[in-house]
Amino acid sequence: MLPRIFFDTNAGTYDDGYILWFDLSKTELAALDPPASDGMAVTIYMPDEIEMIATLRWDVVLENWTARSVEANNRLVGGSIPTKSE
C-alpha cells in the first residue's frame, strides 16, 4: 500500500502537478519512512472526494514538495458523479 498524502486540486502547479504545502501534507510527508524523495510513488487524496497515484518531486522554485498524477488513475470517493438530469 502506498503512503497517503493530503492535497487540494486548487493548489495546482505550472506543470500540471499539485503543491503539497498544506499543514496536513507536510505532516504526512515528514512521517514517511523511507523519507520523501524525487520519484517516490504515493497516493494523494482529498477526503471524501478524490484520490490518485502520483509521484513526488521537489520543486526548487517553489521550495516545496509537489505531486504529479500518474495518468488515468483518478478515483472518486465518498460521493456520486452527477448525471445530466441532476
All positions within region 34-54 that are in a loop (DSSP other than H, G, I, E, B) and not aliphatic (A, V, I, L, M): Pro34, Pro35, Ser37, Asp38, Gly39, Pro47, Asp48, Glu49
Members of region 34-55 that are of a type in the set (D, E, K, R), surrounded by fewer than 17 Cβ atoms within 10 Å (Cβ to Cβ) and at pLDDT below 95: Asp48, Glu49
Matching residues, region 1-33, being open to solvent by less than 30 Å² (accessible area, probe 1.4 Å) and either under 20 Å from Asn74 (Cα atoms) or part of a loop (DSSP other than H, G, I, E, B) (or both): Ile5, Phe7, Ala11, Thr13, Gly17, Ile19, Leu20, Ser25, Leu32
Odd one out for Val61, checked against (1) within 12 Å of the chain's Cα centre (by Cα); (2) among the hydrophobic types (A, V, I, L, M, F, W, C); (3) at pLDDT below 95: (1)
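The values are calculated or read from the model by the stated rules, or taken from the named source; none is laboratory data. Note that the structure is a prediction, hence the values are computed from the model and not measured. Neighbour counts are summed over all protein chains in view; Cβ atoms, including those assigned to glycine, are modelled from backbone coordinates with ideal geometry. Remember, those area values only see protein heavy atoms, side chains included, never the ligands or the DNA or RNA. Shrake-Rupley method; radii C 1.70, N 1.55, O 1.52, S 1.80 Å.
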